[in-house]
């Protein structure tokens, strides 16, 4: 597809949904993309199948503290520099870029780089949602290492990390990003078209745009903002098991910062015809939802909280006592539901006692799937 | 001491005169286009009622929405030299990106990004580019600009770049009005820069308005100094307003809430201000309004300076009631046409006032004209009104515990039953002029909001120096040293940042110093 400025808000909204409570405020990302598209009004989004087997594809994103990111805004050239370093490191030019994760701000940045370089963006990511760490991706599951990682700052400084495993890549890259003023652009996990077909989660950019559009169109109608969204989700490959789990209001909210994570629990009471008490546990993203103690959905499946009136996805930091919210859960891409995927992003990877059970099983969903 | 508060709203200019804690008199006058005439009329009225001479006034505080309206409607805005310090960072997003065109056009196209600014930990991003600033200073003079906004990256951590830039600009342009972003906004460059530009664009208008207030009050023979309400419930000296007009934004709801708390003698409560078109719900904690924690949109421009946390719902005394498959109320209202369009006044539109009158809970207009309304309709409409208010109250609470609710505003008569979630429902005496009372009782404040590094100096030392700075700012603003109290200390650790970086907010308030209110 050709991505134009009128798609920006839909992508941001869809990426906020797939952010599953995390992914941060996409405002700066939207502004960066708006600005870049003043000079490049069209960006090519290509399918995974359009990438030749030996062509180089590079995922890109931003790293740093959210508070710093909204103050020390980018120069605009960092991502291109990080990409150049990666091309030097790998020894050939990039054919396309792509997002690492399709949740929140991270979904928008590869398009900013594409607008500045003229490269296309591959319609895929490494997870089909937001995740808190590099090793929780389909790349990792398929044995594609995050290393080498290239980073660049506002001054034109750059660094290359070659690490023995993904955990080390993450540690070293984070330390460098702090030295760079706690915000930088980076590229990681360079791969060939063949590896891309093996390791990536397909169609997630167009899915995110579709989700954002479905919410917008349904909002314009009198009622049923969520119905329009569910209809769209049921037509997708990854998110086809989609259900409205709950409609209620927030009656209790506990949150704290633990080892850099925003951790907490949201408790809700129902609005008829829904019944029972609901609990959503989060760590940056929503991890697990229980109704009267019964698990109704868990990671890696997507759990999203939506404003009851507008269906706008709400991040965990945006949740307040008294809010009226709808809770929607969808299936996640198949690769994340495999034993290898669940090992890095299943409920046990976050310290829960429960095993993963698919959302369609937990809620006996009958669907078009 | 005799204190007078005047609150200039969209429709009415309300005045109240207080002797200590006692309301002596209140008066409502229509708001005038030039603001001053309405203020003079309200002041004359309230003095006449109290029987006091104008020379008895110890302090006068004016609350006005004039500057908010001027900005939103793009009226009388000054063009602004917009200067950002932070290159090579921030180049990707130029100043004023995301502004509606009609407002950006008023600001003009003088926009510069020069080298300088700080990292989160106080390191310099680049040396301050003084040559570029001197060039900008000359260009400002050549362009004949009178107002400038200066925003440096991480100026909430280190203000030196903005201060040095102001010196350089002023050396070429001694009369230039300069807004430094660190004096207004918080971390969040675009939002803080927007707030600074907004403030700078109002500099000319605010100087003019303050001068007209001063002239009008002098002509009345008032000798006491006058102050203007800020949106956090404290005041600015008249001279300061000309420098910080944006800090008056949303001072109306703040004054209503502070006045409601004062009149009901509650320090912690929810205030429900029911007007003609909307009900504003706010929270009073420790006698002051709770502040909004999210970015605030003003006329389509995103900002992050402090604003009271207000929830507006479309329910007021003029809200239109429709009975279809579902009964709905508002959000549209007959507004100021209530006296001609509502059924009780001979009109054809069914409004909430008609429901209240027909139900016999309030005496509004001619009840005979609504005698035909069915008991079932009245019941459902009354249910709906109370449900809307209960929902709004619940959304503003931070826990499920019932809290006292103070009702103010002309539409308060719509409430005829207990409200769920309210431990008690209080309609204080003089509730119709709670906004003017809130203006009269305002105190002087000083605030610090910056990122501090606890590592090395230690938390206690950091908090102490922040508190001292806030106290100094309060004293500079006219507070009496012995009356100062710290009303707020907030610490928010920054995620992913080493060095124990913490965003610290300290707020101190006090009474007017005696010397400030001499005659």
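Every read-out reported here was derived from the displayed coordinates using simple, explicitly stated rules and does not represent laboratory data. The structure presented is a predicted model; accordingly, all values stated were derived computationally and were not measured. For neighbour counting, all protein chains shown are included, and Cβ atoms are generated from backbone atoms with ideal geometry for every residue, glycine included.
Our compactness index for region B:33-112, the C-alpha radius of gyration over the empirical 2.2 N^0.38 Å, is 1.80.
Take each residue in A:125-132, count the other chain C-beta atoms within 10 Å of its C-beta, and the mean is 0.
Each of B:349, B:215, B:325 has some number of other Cβ atoms within 10 Å of its Cβ, and from fewest to most they run B:325, B:215, B:349. Name the residue, out of A:76, A:293, A:346, whose mean-square fluctuation peaks in a Gaussian network model built on chain A with Cα pairs under 10 Å. Of the options given, A:293 has the highest mean-square fluctuation. Taking other C-beta atoms within 10 angstrom as a stand-in for reagent exposure, A:249, B:420 fall in the order B:420, A:249, fewest first.
Rounded, prolate or oblate, given the Cα gyration tensor of region A:182-317, with a/c below 1.5 counting as rounded? Oblate, because a/c is 1.5 or more while a/b does not exceed b/c.
Projecting the alpha carbon convex hull of region B:34-170 along each direction and taking the average yields 12.0 nm². Determine the shape class of region A:246-287: with a ≥ b ≥ c the square roots of the Cα gyration tensor eigenvalues, call it rounded for a/c under 1.5, and otherwise prolate if a/b is greater than b/c, oblate otherwise. Cα axes put region A:246-287 in the prolate bin. When chain A is treated as a GNM, springs tying every alpha-carbon pair under 10 Å, which of A:210, A:21, A:143 comes out with the largest mean-square fluctuation? Comparing A:210, A:21, A:143 in the GNM, the peak value goes to A:143.
Helix B:203-220 and the longest principal axis of the Cα set of chain B meet at an angle near 60°. The convex hull of the Cα atoms of chain B, projected and averaged over all directions, covers 26.2 nm².
On the principal axes of its alpha-carbon atoms, chain A has extents of 59, 41, 39 Å, going from largest to smallest.
The distance linking region B:297-353 with region B:73-110 is 34 Å (Cα centroid to Cα centroid, whole angstrom).
With everything on Cα atoms, drop me the angle between helix A:166-179 and the longest principal axis of chain A, reported from 0 to 90° to the nearest 10. With rounding to tens, the tilt is 70 degrees.
Computed as a quarter of the hull surface, the mean projected area of the alpha carbon convex hull for region B:186-291 stands at 8.8 nm². Once C-alpha pairs closer than 8 Å and six or more residues apart are averaged by separation and normalised to the residue number of region A:143-298, the relative contact order reads 11 percent. Over 14 Å, how big is the tail of the calculated P(r) for region A:155-222, in percent of all Cα pairs? Of all Cα-Cα distances in region A:155-222, 73 percent exceed 14 Å. With all pairs of separate Cα atoms included, the protein assembly as shown yields a Kirkwood hydrodynamic radius of 29.4 Å. Using a 7 Å offset from the Cα along the Cα-to-Cβ direction at both residue A:42 and residue B:367, what is the distance between the two label points in nm, to one decimal? Placing both labels 7 Å beyond Cα along the Cβ direction yields 7.2 nm.
Modelled spin labels at residue B:131 and residue A:4, positioned 7 Å past Cα toward Cβ, are 4.5 nm from each other.
Residue exposure proxy: B:39, A:2, ordered by other Cβ atoms within 10 angstrom of their Cβ from fewest to most, comes out as A:2, B:39. For chain A, a Gaussian network of Cα nodes joined below 10 Å ranks A:201, A:131, A:327 by mean-square fluctuation, and the top entry is A:327. Of all DSSP-defined beta bridges confined to the protein assembly as shown, some 75% are antiparallel rather than parallel. Note on A:316-328: average number of Cβ atoms from other chains within 10 Å of each residue's Cβ is 3.
By definition, a body whose alpha carbon gyration tensor gives a ≥ b ≥ c is rounded when a/c is under 1.5, and region A:1-139 falls into this rounded group. Region A:59-83 and region B:19-69 have Cα centres separated by 53 Å.
Out of all DSSP beta bridges in region A:1-156, what portion is antiparallel? Express it as a percent rounded to 5. Given both bridge residues lie in region A:1-156, the antiparallel proportion sits at roughly 20 percent. The mean number of partner chain beta-carbon atoms within 10 angstrom of a residue's beta-carbon across peptide B:90-99 is 5. Against chain A, whose longest principal axis is taken from its Cα atoms, helix A:225-234 shows a tilt of about 60°. Look at where the Cα atoms of region A:226-246 and of region A:111-174 average out, and the two centres are 29 Å apart.
Extending 7 Å from the Cα toward the beta-carbon at both residue A:361 and residue B:455 defines two label points whose distance is 4.6 nm. Most simply put, chain A has about 90% antiparallel DSSP beta bridges, counting only bridges with both residues inside it.
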